[in-house]
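Each value in this text was obtained by applying a stated rule to the coordinates, not by laboratory testing. The structure presented is a predicted model; accordingly, all values stated were derived computationally and were not measured. Ideal geometry is used to build each Cβ from the backbone, glycine not excepted, and the neighbour counts take in all protein chains shown.
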Amino acid sequence: MSSSTNADEKKKESFNAEAASLLVNNLRATFASGTTRSYEWRASQLKALIKLCDAHEQQIIDALYSDLAKPPLETVAYEIAMFKNSCKAALKELKRWMTSEKVKTSIATFPSTAEIVSEPLGVVLVISAWNYPFLLSLEPVIGAIAAGNALVLKPSEIAPATSSLLAKLLGEYLDNSCIRVVEGAVDETSALLQQKWDKIFYTGNGRVGRIVMAAAAKHLTPVVLELGGKSPVVVDSNIDLKVATRRIIAGKWGCNNGQACVSPDYIITTKDYAPKLVDSLKAELEKFYGKNPLESKDLSRIVNSNHFGRLTKFLDDEKVSGKIVFGGEKDKSKLRISPTILLDIPRNSLIMREEIFGPLLPIITVDKLEESFDVINSGTKPLAAYLFTTNNKLKEQFVMNISAGGLVVNDTALHLAVNTLPFGGVGESGVGAYHGKFSFDAFSHKKAVLYRSFLGDAPVRYPPYTNIKMRL
Ligand code: NAD
């Protein structure tokens with residue numbers, strides 16, 4: 001048995017349901033002591049997270065490179081800088097978020113005052129995914145801390161270097177009596193899921209989302225499920241094609257080589273316009289990634305051989321044979337697949353039935369662009385949907401008719417960088433939302449408080465219930 005297998009076995013032995021129960025009990029005791037409730041504690045933990053990023057930027061870049069060959073610029077911009085910005089914004093707003101909100105009362109309670117008090121939920125669990133393993137682990141943690149909770153973070157075992165770095169750094173920088181990292185895979189997550197939590201925040205696929213929700217239901221624990229789906233891009237013909245092309249590429253291959261939840265999954269355009277769009281995508285892709293994109297340092301690799309196999313299966317489907325108009329190169333030993341475009345894909349092909357989550361981009365064509373709405377609405381509700389057009393009527397129809405977690409007009413993926421917008425899915429793409437104040441709210445209970453004095457004691461509410469009282 002290799003030493004790493006030995007270590008794995010040891011970890012498995014040491015973290016079972018009993019260990020999970022002990023951990024939750026300890027965190028519950030600390031939460032009950034009130035430690036996490038003060039503004040000072042919350043602010044100190046958020047500041048420590050910023051410090052951690054500043055002091056260990058290179059280690060974070062290296063971990064993500066080890067897990068995904070993620071280009072350092074993508075790590076710095078989309079994982080570290082985005083996370084730090086969220087932390088800083090939370091610190092700036094924290095006092096305001098924590099302040100209770102005075103609200104109007106009704107004549108029925110006159111005289112009275114009322115307020116909504118944001119109260120921490122207690123001990124919460126954050127389960128994270130592998131594709132943005134730093135950001136997706138820590139972004140929900142901001143909300144959990146800001147709202148005053150104790151928490152356990154379970155990073156993804158599929159990004160092991162980032163998982164172990166998070167465990168080490170959070171151990172060093174944060175208050176371990178309230179914030180803990182548990183590393184591991186299905187066994188460890190299952191042990192955690194058997195416990196009673198006050199909220200479970202899960203990022204990942206819908207199959208496991210259902211397992212999480214079922215486990216939560218046993219304890220009536222509320223959940224946030226950040227899931228995925230097939231995010232479409234509708235492309236009109238009246239656009240600045242070059243800008244649109246570059247923005248589609250940035251959202252697809254420029255985000256972890258398509259391994260992003262808001263990555264464009266497929267394009268819908270008209271039969272007439274498709275050749276022009278394909279030519280433009282080919283030209284810009286070549287400019288960005290060169291003639292041999294398998295060697296490009298600006299593209300992440302596929303995370304592991306399971307996902308590599310899953311993606312190549314899409315290409316092996318006989319329904320898509322002969323449909324590749326660009327790319328299609330793969331290198332199994334390096335887990336690399338080049339940016340690949342498929343044209344005129346049948347809607348019953350495997351690639352159109354499942355979320356792609358990788359560098360393959362099918363284009364389906366319609367006679368009239370308006371038909372694209374029916375195509376989108378015939379599937380499950382996506383996490384994101386994109387439209388490129390200058391037609392204001394079409395924009396309006398898109399916003400009114402397409403149900404998705406979020407929409408972007410004339411760009412891709414960028415809505416998740418806007419902290420004043422909620423980020424989350426709808427239907428099968430997720431439950432609940434976070435980012436900015438929405439993160440704070442996701443981890444808070446909005447407690448309704450009504451204050452009365454001993455004045456205004458109306459006899460009408462007390463028996464005997466006379467006819468006169470009925471008419472008042
Ligand atoms: P993953 O394999 O890392 O799994 C996510 C988490 O679930 C991990 O922590 C893992 O340990 C845990 N897990 C796996 N199997 C489990 C089981 N049987 N029981 C309990 N826990 C289990 O990530 P993934 O699911 O491959 O992530 C990709 C999916 O996540 C895609 O569908 C993508 O769209 C979605 N996603 C969504 C968002 C979002 O913010 N909405 C972000 C990233 C990814």
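Observations
- Cα-based shape type of the stretch 275-404, given that a ≥ b ≥ c are square roots of the gyration tensor eigenvalues and the cut on a/c is 1.5: prolate
- Amide H to amide H distances under 5 Å link Leu342 with Val325, Leu361, Ile363, where only residues 5 or more positions off or on other chains count and H is placed in the peptide plane.
- Dividing the helix sum by the residues of the chain, where each DSSP H run of 4 or more adds -39500 (n - 2.57), gives a mean residue ellipticity at 222 nm of -12500 deg cm²/dmol.
- Degrees, to the nearest 10: 135-146 long Cα axis against longest axis of the chain: 10
- Cα long-axis angle, helix 206-218 against the chain (0 to 90 degrees, to the nearest 10): 20
- Between the stretch 353-369 and the stretch 168-216, the alpha-carbon center distance in angstrom: 33
- Antiparallel %, DSSP beta bridges [both residues in the chain], to 5: 35
- Out-of-range pairs (alpha-carbon distance over 22 Å; input Lys92/Lys196; Lys51/Lys252; Lys230/Lys323; Lys95/Lys168; Lys252/Lys287): Lys92/Lys196; Lys51/Lys252; Lys95/Lys168
- When the Cα convex hull of the stretch 1-151 is projected onto planes of every orientation, the mean area is 13.1 nm².
- Relative protection proxy for 308-316, 119-127, from highest mean packing down: 119-127, 308-316 (other beta-carbon atoms within 10 angstrom).
- For Lys230, the residues whose amide H sits under 5 Å from its own are Leu383, ignoring neighbours fewer than 5 places away on the same chain, with H placed 1.01 Å from N.
- About its Cα centre, the stretch 52-136 has a charge dipole of approximately 460 debye under the convention of +1 per Lys or Arg Cβ and -1 per Asp or Glu Cβ, with nothing else charged.
- Applied to the stretch 436-441, the Karplus parametrisation 6.51 cos²θ - 1.76 cosθ + 1.60 on θ = phi - 60° returns per-residue 3J(HN,Hα) values of x, 5, 5, 5, 4, 5 Hz, with x for Gly and Pro.
- Two-decimal log10 I(q)/I(0) for the chain, as the Debye equation yields it once each C-alpha is a single scatterer, q = 0.07 Å⁻¹: -0.42
- Take every DSSP beta bridge whose two residues both sit in the stretch 319-472; close to 40 percent of them are antiparallel.
- Straight-distance candidates among the lysines for linking to Lys102, with alpha-carbon spacing under 17 Å and chain neighbours fewer than 8 residues away dropped: Lys446, Lys447.
- Computed from backbone phi, the HN-Hα couplings of the stretch 347-353 come to 6, 9, 6, 4, 5, 8, 9 Hz, rounded to whole numbers (Karplus: 6.51 cos²θ - 1.76 cosθ + 1.60, θ = phi - 60°; Gly and Pro given as x).
- Rounded to 10°, Cα long-axis angle of helix 39-55 versus longest principal axis of the chain: 20
- Under-5 Å amide H pairs with Ile127, H placed in peptide plane, nonlocal only: Lys154, Phe201, Tyr202, Thr203
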